[in-house]
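K.L.:
Sharing a structure with you now.
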Amino acid sequence: MTLEGLELRWIDIPLVSPFRTSFGTETERRVLLVRAVTGDGDGWGECVAMAEPVYSPEYVDGAAQVIRDFLVPKLTPDADPWAAERAFRPVHGHPMAKAAVEAALLDAWLRARNTSFGEFLGAVRPAVPSGVSVGIMDSVPRLLEAVDGYVAEGYARIKLKIEPGWDLAPVRAVRERHPDVMLQVDANTAYTLADARHLAKLDPFDLLLIEQPLPEDDIAGHAVLATRLATPVCLDESITSAAIAADAIVRGATSIVNIKPGRVGGFLEARRVHDVCAAHGVPVWCGGMLETGIGRAANVALAALPNFTLPGDTSASSRYYATDVTEPFVLEDGCLRVPTGPGIGVVPDQGVLRELTVRTEFLPVGIHG
Ligand code: OSB
Ligand code: MG
């Protein structure tokens, strides 16, 4: 595989409905796509950084700058995904920028070997149960309407976004209406340890987990909180590597882990997080960042690994976008099928891409790296 360069492509793609979390409201995603151009064909990666640094420190234009100024200059024409991961190590942070480049390289590398992401990563299931993440709404009736729709579509699990002032009432209402549905909540760091007694009032609702209640750097706080709640604590934002996952587990801060490849720097590290959690008997599930079909295809393959025993935020294309950039992922019996074609197994539709593209930039890879 001879790497000629990376093409960066910014697209704007509207969401089918606004998505509100404790950190803000999204109505449209600005997505940075990476195309690895090689002698054997292209590979695609999706950067999951958001337009603004409100979920993590990364943001779309910052990620593009890091790729242009610090990552591409470290690549050589013979770079494979492992060489890229090693070369990027001196650059601190910026996992989403690194993950997008690694994903594009891995897609090209696997396509050249006629191997699928699922086969490569070690998938053990042909399809994965799908959950759905439901944003904060203006009222409980509006929320129930949305949840009823997702349950009717067949989603295997419902996740409610919560924040102070939007927690007990919506959870109680959804639990009363759907007594048997698998239900969990995500606070995106909106609480403090002083809220422990309040959060314990969620215990009667038989939640699978509470995701990231406290700020990302507060591993100690999560460990204390976990002793005060019957609901299992699951970390998202805090888990930025396999080593940190192991540390958080040993400290008792997390008994279930959300894995997002972008947050941990790529699919190679995501698999290590999966493995270290499995070694500790800690179940994992695949998080989401409102990905298009490009990121979703790779996530669905990851979610087919053996220790992904809870449904992920791997929803159908229609939950996010009226027109996805790839062939749409559709829900079948509450599951998404793992693509079996080479690489991520899907390709972007050039017409759709052209419609959505804001800007492109080609970054050649030099022979000196
Ligand atoms: O915290 O899991 C999160 C979306 C954007 C940023 C952070 C999160 C989310 C979601 C949606 O919950 C997951 C998805 O459906 O892609
Ligand atoms: Mg989360």
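K.L.:
Out of Ala223, Val134, Thr340, whose Cα points farthest toward the positive end of the dipole of the chain (charges: +1 Lys, Arg; -1 Asp, Glu; placed on Cβ)?
P.N.:
It is Ala223.
K.L.:
To continue, here is another question. Nearest 0.05, what FRET efficiency do Asp180 and Ala243 give at R0 = 30 Å with Cβ-Cβ as r? Mind showing how you got there, number by number?
P.N.:
Details: r = 38 Å, r/R0 = 1.27.
The computed FRET efficiency comes out at 0.20.
K.L.:
Net charge within 9 Å of Ala36 by Cβ-Cβ distance, Lys/Arg positive one each and Asp/Glu negative one each, not counting Ala36 itself? All intermediate terms of the calculation are to be shown ahead of the outcome.
P.N.:
Working: positive: Arg35; negative: Glu4, Glu7, Asp42, Asp107.
Around Ala36, the charge tally is -3.
K.L.:
Less than 9 Å Cβ to Cβ from Asp324, Lys/Arg counted +1 and Asp/Glu -1: what total charge do the surrounding residues give?
P.N.:
Details: positive: Arg296; negative: Glu327, Asp349.
Value of the local net charge: -1.
K.L.:
With each label point set 7 Å from Cα along the Cα-Cβ vector, what nm distance links Leu193 and Val250?
P.N.:
About 2.1 nm separates the two model spin labels.
K.L.:
What ranking of Lys260, Lys201 comes out by heavy-atom accessible area, probe 1.4 Å, highest first?
P.N.:
Details: Lys260 15, Lys201 120 Å².
Ranking Lys260, Lys201 by accessible area, largest first, yields Lys201, Lys260.
K.L.:
Decide, for region 118-337, between rounded, prolate and oblate: order the square roots of the alpha carbon gyration tensor eigenvalues as a ≥ b ≥ c, take rounded if a/c falls under 1.5, and otherwise choose prolate if a/b is larger than b/c, else oblate.
P.N.:
Judged from the Cα gyration tensor, region 118-337 comes out oblate (a/c at least 1.5, b/c at or above a/b).
K.L.:
If I model a spin label as a point 7 Å beyond the Cα along the Cα-Cβ vector, how far apart are those points for Glu145 and Glu4 in nm?
P.N.:
According to this spin-label approximation, the distance is 5.1 nm.
K.L.:
Here's something else I'd like to know. If you stretched the chain out fully between Gln65 and Gln350, how much longer would it get, using 0.36 nm times the residue separation minus the C-alpha to C-alpha distance?
P.N.:
Stretched out fully, the Gln65 to Gln350 stretch lengthens by 100.1 nm.
K.L.:
Dipole of region 118-337, Cα-centred, from +1 at each Lys and Arg C-beta and -1 at each Asp and Glu C-beta, to the nearest 20 debye?
P.N.:
280
K.L.:
Additional query: Lysine pairs in the chain with alpha-carbon atoms under 21 Å apart, 8 or more places apart or on different chains: how many are there?
P.N.:
6
K.L.:
Starting from the Cα of Val358, move 7 Å in the Cα-to-Cβ direction to define the label point; list residues of region 289-319 whose amide nitrogen is under 17 Å from there.
P.N.:
Backbone N within reach: 290-292.
K.L.:
Restricting things to alpha carbons, tell me how big the chain is in terms of Rg and Dmax, in Å.
P.N.:
Just the Cα atoms of the chain yield Rg and Dmax of 19.7, 63 Å.
K.L.:
Amide H neighbours of Thr115 under 5 Å, at least 5 residues apart or on other chains, H built in the peptide plane: list them.
P.N.:
The list, which skips near neighbours in sequence, is Gly343.
K.L.:
Here's another thing I want to ask about it. Just grab the label-to-label distance for Asp40 and Arg125, each label 7 Å out from Cα along the Cβ direction, in nm (one decimal).
P.N.:
According to this spin-label approximation, the distance is 3.0 nm.
K.L.:
Under a Cβ-only charge scheme (Lys and Arg +1, Asp and Glu -1), can you give me the dipole magnitude of the chain about the Cα centre, in debye to the nearest 20?
P.N.:
Its charge dipole is roughly 460 debye.
K.L.:
Could you sort Thr240, Thr76 by accessible area so the largest value comes first, with the probe set to 1.4 Å? List each step's numbers first, then the result.
P.N.:
Values: Thr240 60, Thr76 40 Å².
If we order Thr240, Thr76 from most to least accessible, we get Thr240, Thr76.
K.L.:
Please give the solvent-accessible surface of Asp42 in Å², to the nearest 10, using a probe radius of 1.4 Å with every protein chain present.
P.N.:
60
K.L.:
Which order do Arg86, Arg319 take when ranked by solvent-accessible area (1.4 Å probe, heavy atoms of all protein chains), largest first?
P.N.:
Arg86, Arg319
K.L.:
Now a separate question. Per residue, how much accessible area does the chain show when a 1.4 Å probe rolls over the protein heavy atoms, in square angstrom?
P.N.:
For the chain, the per-residue accessible area is 38 Å².
K.L.:
Separate question: Counting only protein heavy atoms, what percent of the accessible surface of region 118-337 is carbon or sulfur at a 1.4 Å probe?
P.N.:
On the way: 4200 of 7820 Å².
Carbon with sulfur: 54 percent of the solvent-accessible area.
K.L.:
Indicate the helices, whole DSSP H runs only, in the chain that combine a mean Kyte-Doolittle hydropathy of -0.5 or more with a Cα extent along their long axis of 24 angstrom or more.
P.N.:
95-112
K.L.:
Which listed residue (Thr76, Thr21, Gly62) has the Cα farthest towards the positive end of the charge dipole for region 1-127, taking +1 on Lys and Arg C-beta and -1 on Asp and Glu C-beta about the Cα centre?
P.N.:
The one lying farthest along the dipole's positive direction is Thr21.
K.L.:
Given the chain, what percent of its DSSP beta bridges are antiparallel, to the nearest 5?
P.N.:
Percentage antiparallel, nearest 5: 60.
The values are calculated or read from the model by the stated rules, or taken from the named source; none is laboratory data. Everything numeric in this text was worked out from a predicted model, so none of it was measured. Methodologically, a virtual Cβ is constructed for each residue, glycine included, from the backbone with ideal geometry; neighbour enumeration extends over all protein chains shown. Keep in mind that these areas ignore ligands, DNA and RNA; they rest on the heavy atoms of the full protein, side chains included. Shrake-Rupley method; radii C 1.70, N 1.55, O 1.52, S 1.80 Å.
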